[in-house]
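Below is one structure; the comments refer to it alone.
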Amino acid sequence: QVQLVESGGGLVQPGGSLRLSCAASVSIFSITSMGWYRQAPGKQRESVATISRGGSTNYADSVKGRFTISRDNAKNTVYLQMNSLKPEDTAVYYCQAIGAYVSWGQGTQVTVSS
C-alpha cells in the first residue's frame, strides 16, 4: 500500500494562499489517480481536486479558478495550490492515491480565519 504524507497546512487569513504537498512512498507515475479531499467539522469528506496519471484534472465547483492541483513525478509529490482562500475552505485536507489499492494520508489542517 502507498504511504502518503501531507504537509503545508496552517492558519491563513481570508484571501491568502497556501500550498499543500503530498509525498508518496512509491513512484506516482505508477499511480492511476491522485487527489485532494477535505472534511470540515460535522460534514462529509468531499473531493476537492484530482489528477490522473496522464495529467487530466478535475475540480469541485467551489474551488474552480482558485485551486490548482499538480504533480511532480520526479519528486513523487502532488501539490494543491490554494489561492483566494475563504473561511469555508477551513477543513482537514487529505491526500488520496488510487492504484492497486486506495490509500489515504493522515491529513493536514487548513484554517482560514481573520
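Some notes on this structure:
- Of all residues in region 75-93 being surrounded by fewer than 21 Cβ atoms within 10 Å (Cβ to Cβ) and within 12 Å of the chain's Cα centre (by Cα), the one that is farthest from Asn58 (Cα to Cα): Val92
- The residue of region 63-74 that is modelled with the lowest pLDDT, among those that are of a type in the set (Gly, Ala, Ser) and surrounded by fewer than 14 Cβ atoms within 10 Å (Cβ to Cβ), is Ala74.
- Subset of region 41-58 [in a strand (DSSP E or B) and either of a type in the set (D, E, K, R) or under 11 Å from the mean Cα position of the chain (by Cα) (or both)]: Glu46, Ser47, Val48, Ala49, Thr50, Ile51
- Answer residue from region 44-57, given it is in contact (Cβ under 8 Å) with a residue 12 or more places away in the chain and not hydroxyl-bearing (Ser, Thr, Tyr) and is surrounded by the fewest Cβ atoms within 10 Å (Cβ to Cβ) among those: Gly55
- Selection count where residues are under 23 Å from Leu11 (Cα atoms) and either among the polar types (S, T, N, Q) or more than 10 Å from the chain's Cα centre (by Cα) (or both), scope region 94-104: 2
- Region 94-114 - residue that is part of a strand (DSSP E or B) and small (Gly, Ala, Ser) and, of those, surrounded by the most Cβ atoms within 10 Å (Cβ to Cβ): Ala97
- All positions within region 15-45 that are more than 23 Å from Thr90 (Cβ to Cβ) and among the hydroxyl-bearing types (Ser, Thr, Tyr): Ser25, Ser27, Ser30, Thr32, Ser33
The values are calculated or read from the model by the stated rules, or taken from the named source; none is laboratory data. Bear in mind the structure is a predicted one, so any value in this text is a computation, not a measurement. Every residue, glycine among them, receives a Cβ derived from its backbone with ideal geometry; neighbour counts consider all protein chains shown.
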